[in-house]
1. With viscosity set to 1.002 mPa s at 20 °C, what whole-number translational diffusion coefficient in µm²/s follows for region 84-223 from Stokes-Einstein and a Kirkwood radius over Cα pairs?
2. Against the longest principal axis of the chain, how steep is helix 31-42, in degrees 0 to 90 to the nearest 10, with axes from Cα atoms?
3. Please work out how much length the chain gains when fully extended from residue 111 to residue 13, using 0.36 nm per residue of separation minus the C-alpha to C-alpha distance, in nm with one decimal.
4. Using 7 Å Cα-to-Cβ label points, what is the residue 176/residue 79 separation (nm, one decimal)?
5. So what's region 1-105 giving for Rg/Rh, alpha carbon basis, Kirkwood Rh from the mean inverse pair distance?
6. Nearest 10 degrees, 0 to 90: what angle lies between the long axis of helix 197-208 and the longest principal axis of the chain (Cα atoms)?
7. Taking only the alpha-carbon positions of the chain and ignoring solvent, what does the Debye formula give for the base-10 log of I(q)/I(0) at q = 0.15, 0.18 Å⁻¹?
8. What FRET efficiency comes out for the pair residue 94/residue 157, r = Cβ-Cβ distance, R0 = 35 Å, nearest 0.05?
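Bear in mind these aren't lab numbers, they're just calculated from the coordinates by the rules spelled out. Owing to the predicted nature of the structure, the values given are computational and were not obtained by experimental measurement. Cβ: placed from backbone, ideal geometry, glycine included. Neighbour counts: every protein chain shown.
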């Protein structure tokens, strides 16, 4: 967590104050919008919503679209207020592995090759420098639970909802009981970098009414690059 940097990005670069009403969107699929929503909410922006259906639906209904460089915005004072209950640290993930009676870990990556370790993705190692994660695989005890299972518009088509409706989300989550899910457990979702597929799954569970849900924001970029952390056994 880096509150000073978040304050600079949110207040100075984006011109958002704690009470600014914000609408975020992506092409329509949802993960990128959920990542922005999660980031802003995590640091204390109080009024953040996602444009359902994204840019595809906006354009399909004649919404105006700008081109070119974004307009400059006036900076606003912003003091981060981190919502710590939204996130899990690597230490809490360790505890979750050891305590399946209280926790369930969900791997929201949609590509099975990531989960099994056959595919290694890149992430920013430093500004302007991207490197592939050193190890592939999954966190021990994590259930493969792709974000696409909860998506209403995974291909970004117009006039489709970002999330499946609540009843469908509840049915999808209910299927996880055979793998150890229970409504009383704390759910920890992760993906490759945390904000995106992991935050989308967080949003789906919250929408379905599951209160005790967190995102492991370090996700596989942190776990896969730390040789001291265990890997799930693969078939």
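1. It comes out at roughly 140 µm²/s.
2. Compared with the principal axis, the helix lies near 80 degrees.
3. The span from residue 111 to residue 13 would gain 31.9 nm if fully extended.
4. Inter-label distance under the simple model: 3.6 nm.
5. 1.07
6. 90
7. -1.10, -1.46
8. 0.30
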